[in-house]
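Notes to accompany the following structure.
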Amino acid sequence: MGSVPAWARVYVACVVLGALGCLAPLPTVRVPWWIVALLAVLYAGCERITLPRGPRAAGVPGLGAPRGMGTFLPVLLAGAFLLPPPAAALVALPGALLARVEQRPRWLRRIWRAAQLALAVWAASRVHWALGGRDAVVAPDFPYALVPAGAAVLTFCLVQSVLDGGILALAERVPVRGAWRGLFPRSLAPVAVHGLAGLMMAVLWRSPYGPVAALLVLLPMYVSCWVFAQYHRERAAHQATIRALVQAVDIKDGYTRGHSERVGQASMMIARELGMDDERVEVLRFAGILHDVGKLGVPTRLLRKDGPLTPEERRVIELHPEYGHEMVRGIGFLGEARSAILHHHERLDGSGYPYGLVGAQIPEFARVVAVADAFDAMTSTRSYRRARPVPAALEELERCSGAQFDPGMVGALALALARYGWHPAVTADSNTPLRGGVRPPAPPPVSSRLEGHPTNAGRRGP
């Protein structure tokens, strides 16, 4: 509980109070309680089924849903289509409160998710009933039944997205301007599919075939969810592969520890400003994280050398993009990231390496990573100098645009930083005194000069 900020706890408490308010009319609601109990048990049982766990709910890495939560949303949405709003909200509580939670504080996460689902289902049911959806389901009246059902699905997504954005801003400290960005569009398509299945359940439930026929709708949903979970298991394996490679680089060259992850983050920010789709954004993040993996093939004595490099040593250093490309060429899921690893030290004027490509010959991903790499190199504190302010780093990047960096990528980074800001981390040993301390700074190791620093513009070399 201590790891959750105070304002986030207040926010969760307010959402819980809102959910309790939705449930307050239950004693006066006339409803077949056996339907409520059956749906609640069914949802709780579905959530307890052992499946390979998928990702957390979109955009909520902190107090978000337990992994796999929301897999059986058709049950909740069927409740919204069949039951009055307070009873529909009650259906979500047992499953949410009993769901598996991997991260602490577990009880707070369960309570948060239960309240969030209760509010979303209550709102969806309220909209559905207000538009005459109950009569359309009982009749059934098609295609009109799709109108209130569609409105209910939109309401469910909207409430979920609004609440998720709030917890992102308060618990994860995501900037307010970006906390809600993309949550609603990302959730709409999958919830719409689940809503259609929920509508099928509701119609069959009210048909002469009864609840047994309605439950058959869950079988194909279970199979599709299992396939989806397998996909995310594969993605988890990809992430583990990347983490292992990055950890190996950090162990060998601890001087710039954390640099790779920040380059991945900056690359992702640029990609989003350029309007790349989510799949390419993710691959570009991999490219940024792995751009220096070729250091594993460079002798450690060269990476940590304090003095000037000989021409022979420089040629060895300049091989690290090719080493990196060879290391990852067999990893199929990296796709375009491999070209970025190979070409992130190319320069628009042709003075880069390893192949001296010019302008548009340099792959797009490589041009993105080059800007992200240089930006993090300038804005990170090192033992031999303090970090440059972000405006100064952007000014230097713009000065070198057209010769070293792609102006479009520099502009995209500037726009992203204006939206979200940047919080560079210290990557050098914090015990090493900075300039003005007791000891004068040591010369920078060669590893720090491998980055695409703009001061190297116009000459071939790391």
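The values are calculated or read from the model by the stated rules, or taken from the named source; none is laboratory data. The structure presented is a predicted model; accordingly, all values stated were derived computationally and were not measured. Cβ sites come from the backbone with ideal geometry, for glycine too, and all protein chains shown count toward neighbours. Side chains included, ligands, DNA and RNA excluded: accessible areas come from the protein's heavy atoms. Shrake-Rupley method; radii C 1.70, N 1.55, O 1.52, S 1.80 Å.
General observations
- Extension gain, Thr300 to Val31: 0.36 nm times the residue separation minus the Cα-Cα distance gives 89.6 nm.
- Of the residues Trp34, Trp205, Trp129, the one with the largest accessible area comes first in the ranking Trp34, Trp129, Trp205, computed with a 1.4 Å probe on protein heavy atoms.
- Chain lengthening between Val223 and Arg399 when straightened (0.36 nm per residue, less Cα-Cα): 57.9 nm
- Shape of the range 164-255, Cα gyration tensor, a/c cut at 1.5: oblate
- In the calculated pair-distance distribution of the range 370-421, the portion above 17 angstrom amounts to 30 percent of the Cα-Cα pairs.
- Legend: calculated FRET efficiency, Glu336 to Val212, from the Cβ-Cβ distance at R0 = 45 Å, rounded to 0.05, equals 0.35.
- Look at the alpha carbon pairs under 8 Å that are at least 6 residues apart: their mean separation over the length of the range 303-422 gives a relative contact order of 18 percent.
- The residues of the range 199-348 expose on average 46 square angstrom of accessible surface per residue, using a 1.4 Å probe on protein heavy atoms.
- Protection proxy ranking of 374-380, 155-161, 242-248, by the mean of other Cβ atoms within 10 Å over each peptide's residues and highest first, is 374-380, 155-161, 242-248.
- For the range 288-412, Kirkwood radius (reciprocal of mean inverse C-alpha pair distance, Å): 15.3
- Once both labels are positioned 7 Å from their Cα atoms along Cα-to-Cβ, the gap between Arg186 and Arg233 label points is 2.4 nm.
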